[in-house]
Amino acid sequence: MRFQTRAIHVGQEPESKTGAVVVPIFQTSTYAQAAPGVHKGHEYSRTSNPTRDALQECLASLESARHGLAFASGMAASSTLLLALSSGDHVVSSDDVYGGTFRVFDKVMRRHGLEFTQVDTSSIDAVRAALRPATKLVWVESPTNPLLGITDIAAVATLCRERGITLVVDNTFMSPALQRPLELGADLVLHSTTKYIGGHSDVVGGFIGTNSAEWHERLKFLQNAAGGVPGPFDAWLTLRGLKTLALRMETHCRSALQIAEWLSTHERVENVLYPGLATHPGHAVHARQASGGGGVISFRVKGGLDAARRVCSATKLFFLAESLGGVESLIEHPAIMTHASVPVEQRTARGIGDNLIRISVGIEHLEDLRADLAQALAHA
Ligand code: P1T
């Protein structure tokens, strides 16, 4: 079955008792047993729930993964993965990652003895140079949040395989409709399903997929032991979102490319970061490993913080809000909003300056979106 068909059918057989064609919301915390230990496959909903099972099976299939685990949020997925490491283990990650990911590295896991080195993973030499005997995990976002940097996933996967290191790719910005890291050699694929997968800005969730039975068993144990699971209704909303993922991504990509091209010629714009543009330094690698530029664009306005603040406050259709990947367009200021947890010196060194704006291009009509940005940029 092709991707679009699997999105609608895998894990979603009509319900056996009634024939309901939509997986029901099994809103239950526990399951009756016939005798102690004798049950129908479910004991307690932290451990497993049929609605969550359907989501895990379907999303695993879309990521070309044999196994999938759903979590209460993207950060719950990330934290659970990090719990698989031990004190003294070392992690190499992209230097540009979601602010919350940086925060859990720096402010939480470091206290528990994990060590982190952040490098520009678009350079394979930089990744190689950062590896240590204690390196257990390489953590890549491609494209990165918020600067849309691109990493050659297959090249990093080869390096990791040679050294026996696990590679995890946070695929949130692409979704499996555009990029499937396991097919490129990654060991684990991670998502904030809050974004494109849920797709409607009405649910928070996370996911990890893998083809390694060993990693799956470790993470499944930790999913239950640490308990960061999604409720049945959240799993159901996410599964509903998946059904239209491929359709939505086509529009996100088409509109974002047009807006990125238009912004590149705008007099109030200093530069545009979008991997779908031929001028992006990672464009060739991105085009090889993904089938579209996605819906997120970052750009720098001329005039500094005040100008950026005015633009962000002036859009009407682009809501000023954190997050991305929903049907509605969003605009945000990374330095003040999503990446405030990154110390200012690090932000500045990486290029997350006060004039950087990030937009998530939704599926509204392109001309309405362009007109909204045009009137907002007039305030810059
Ligand atoms: O918000 P949550 O579902 O916990 O997911 C965290 C997360 C993980 N990975 C990436 C690449 C992300 O972008 C996020 C969340 N990001 C935002 C909320 C944001 O506005 O960038």
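The values are calculated or read from the model by the stated rules, or taken from the named source; none is laboratory data. This structure is a prediction, so every number in the text was calculated from the model and none was measured. FYI the Cβ positions are ideal-geometry reconstructions off the backbone, even for glycines, and counts take in every protein chain you see. The protein model used for the area step is the full one, side chains on, heavy atoms only, and it has no ligands, DNA or RNA in it. Shrake-Rupley method; radii C 1.70, N 1.55, O 1.52, S 1.80 Å.
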*So Ala186 fits all but one of (1) within 16 Å of the ligand (Cβ to nearest atom); (2) open to solvent by 50 Å² or more (accessible area, probe 1.4 Å); what number is the exception?*
(2)
_List the strands (runs of 3 or more DSSP E) inside segment 158-224, counting only whole elements, that have at least 2 residues being in contact (Cβ under 8 Å) with a residue 60 or more places away in the chain and not hydrophobic (A, V, I, L, M, F, W, C)._
188-192, 206-210
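Does Ile297 fit the bill of being buried (at least 18 other Cβ atoms within 10 Å of the Cβ), within 16 Å of the ligand (Cβ to nearest atom) and assigned to a loop (DSSP other than H, G, I, E, B)? Give the derivation first.
Numbers: buried (at least 18 other Cβ atoms within 10 Å of the Cβ): yes; within 16 Å of the ligand (Cβ to nearest atom): yes; assigned to a loop (DSSP other than H, G, I, E, B): no.
For Ile297, the condition - buried (at least 18 other Cβ atoms within 10 Å of the Cβ), within 16 Å of the ligand (Cβ to nearest atom) and assigned to a loop (DSSP other than H, G, I, E, B) - is not met.
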_Just to be sure I understand, how many residues within segment 316-329 are under 18 Å from the mean Cα position of the chain (by Cα) and more than 8 Å from the ligand (Cβ to nearest atom)?_
6
*Enumeration of residues in segment 221-237 that are under 20 Å from Val168 (Cβ atoms) and buried (at least 18 other Cβ atoms within 10 Å of the Cβ)*: Leu222, Gln223, Gly228, Val229, Pro230
*Among the candidates Leu369, Leu356, Leu320, residue that is under 29 Å from Lys107 (Cα atoms), open to solvent by less than 40 Å² (accessible area, probe 1.4 Å) and not charged (D, E, K, R)*: Leu356
_Top-ranked residue in segment 34-89 [being within 16 Å of the ligand (Cβ to nearest atom) and assigned to a loop (DSSP other than H, G, I, E, B); ranked as nearest to the chain's Cα centre (by Cα)]_ = Ser73
_Scan of segment 189-211 for residues that are polar (S, T, N, Q), within 11 Å of the ligand (Cβ to nearest atom) and farther than 15 Å from Arg248 by Cβ, ordered by number_ = Ser192
*Residue tally, condition within 16 Å of the ligand (Cβ to nearest atom) and either of a type in the set (Val, Ile, Thr) or in a loop (DSSP other than H, G, I, E, B) (or both), over segment 352-380*: 5
*Residue list for segment 212-229, restricted to those being touching a Gly at 6+ places or on another chain (Cβ under 9 Å) and within 15 Å of the ligand (Cβ to nearest atom)*: Gly228
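Within segment 347-359, track down each residue that is polar (S, T, N, Q) and free of Cβ contacts under 8 Å to residues at least 12 places away in the same chain.
Thr348
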_Residues of segment 8-33 satisfying the condition of being part of a loop (DSSP other than H, G, I, E, B), of a type in the set (Ser, Thr, Tyr) and over 12 Å from Arg52 (Cβ atoms)_ = Ser16, Thr18, Ser29, Tyr31
_Members of segment 229-263 that are in contact with a Lys or Arg (Cβ under 8 Å, 6 or more places away or on another chain) and of a type in the set (Val, Ile, Thr)_ = Val229, Ile259
